[in-house]
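Reading through the structure tokens given below for one structure.
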Amino acid sequence: MPAPTKGPRLGGGPAHERLMLNNLAAALFEHKRITTTVTKAKRLRPVAERLITFAKRGDLASRRRVQAAISARTNTNKGIIHELFTEIAPQLSERNGGYTRITKIGNRKGDNAPMAVIELVLEPVSAKQAVVKEAEKAAEKSAPKADATVEAPAEETAVEETAAEAPAEAEVTEAPAEEAAEAPAEEKADDAK
């Protein structure tokens, strides 16, 4: 847990505050958004974001640290931890922080306490960045194929031109092209040895 702030605590003591914040974090991961007081929401934000950072790592040690924070003595909390690691963390993998959003909603009717909604930010980072990353991935996938496709049409056009002029010569030009393609491959294998 981050260093406690100075001043009065949310609960009676430090252990009670830690338990309260961890329970709020579990509720946040389960429901994706919760309504609480502004003070509790501000104190919950660093705790929840730290647990999400552990979940993004995804290794066994991180899972155990999250289980220690969100006591995994009940099946519901085990389900919450599973959901955090399998659903929430992959959605937030592109985000480098700022996993939660606090929105003030006014005062509570009974005691006039300022209320806020804290929610997980599950939207993509930005539309522009998502499009750029998709374009980069597509370029990487098509780069090896582009080299092969660039060479293949050039050979095909040469064969088509000769085939249009004389069909008998087309068969002759295809055979040396295949032998020429095999020869560099054999030379590379000899060079590697």
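As a fraction of the 1.4 Å probe accessible area of the range 53-142, surface on carbon and sulfur atoms comes out at 51 percent.
Taking the inverse of the mean reciprocal distance over all distinct Cα pairs, the Kirkwood hydrodynamic radius of the range 73-112 comes to 13.1 Å.
The HN-Hα couplings worked out from phi for the range 111-120 by the Karplus form 6.51 cos²θ - 1.76 cosθ + 1.60 (θ = phi - 60°) are 10, 6, 6, x, 10, 8, 10, 10, 9, 7 Hz, whole numbers, x standing for Gly and Pro. With a Förster radius of 25 Å applied to the beta-carbon distance between LYS42 and LYS128, the computed FRET efficiency rounds to 0.25.
The length gained on full extension between LEU60 and ASP111, counted as 0.36 nm times the residue separation minus their Cα-Cα distance, comes to 14.0 nm.
Ordering SER62, SER71 by accessible surface, largest first, gives SER71, SER62; the 1.4 Å probe counts only protein heavy atoms, with every chain in place.
Pairs spanning more than 32 Å between alpha-carbon atoms, out of LYS40/LYS133; LYS78/LYS141; LYS56/LYS141; LYS6/LYS32; LYS42/LYS137: LYS40/LYS133; LYS78/LYS141; LYS42/LYS137. Across the range 89-101, coupling constants 3J(HN,Hα) worked out from phi with the 6.51/-1.76/1.60 Karplus curve, θ = phi - 60°, read 4, x, 5, 9, 5, 7, 8, 9, x, x, 7, 10, 10 Hz, and Gly and Pro carry x. Solvent-accessible surface of the range 11-55, averaged per residue with a 1.4 angstrom probe and all protein chains in place: 45 square angstrom.
Order 37-45, 92-100, 115-123 from most to least packed using the mean count of other Cβ atoms within 10 Å.
In decreasing order of mean packing, 37-45, 92-100, 115-123 become 37-45, 115-123, 92-100.
Roughly what percent of Cα-Cα pairs across the range 49-99 reach past 18 Å?
That fraction is 23 percent.
The values are calculated or read from the model by the stated rules, or taken from the named source; none is laboratory data. The shown structure was predicted, so the numbers you read here are calculated from the model rather than taken from an experiment. No Cβ is skipped: glycine too gets one built from the backbone with ideal geometry, and neighbour counts run over all protein chains shown. Note: accessible area is taken over every heavy atom of the protein model, side chains too, but ligands, DNA and RNA are not part of it. Shrake-Rupley method; radii C 1.70, N 1.55, O 1.52, S 1.80 Å.
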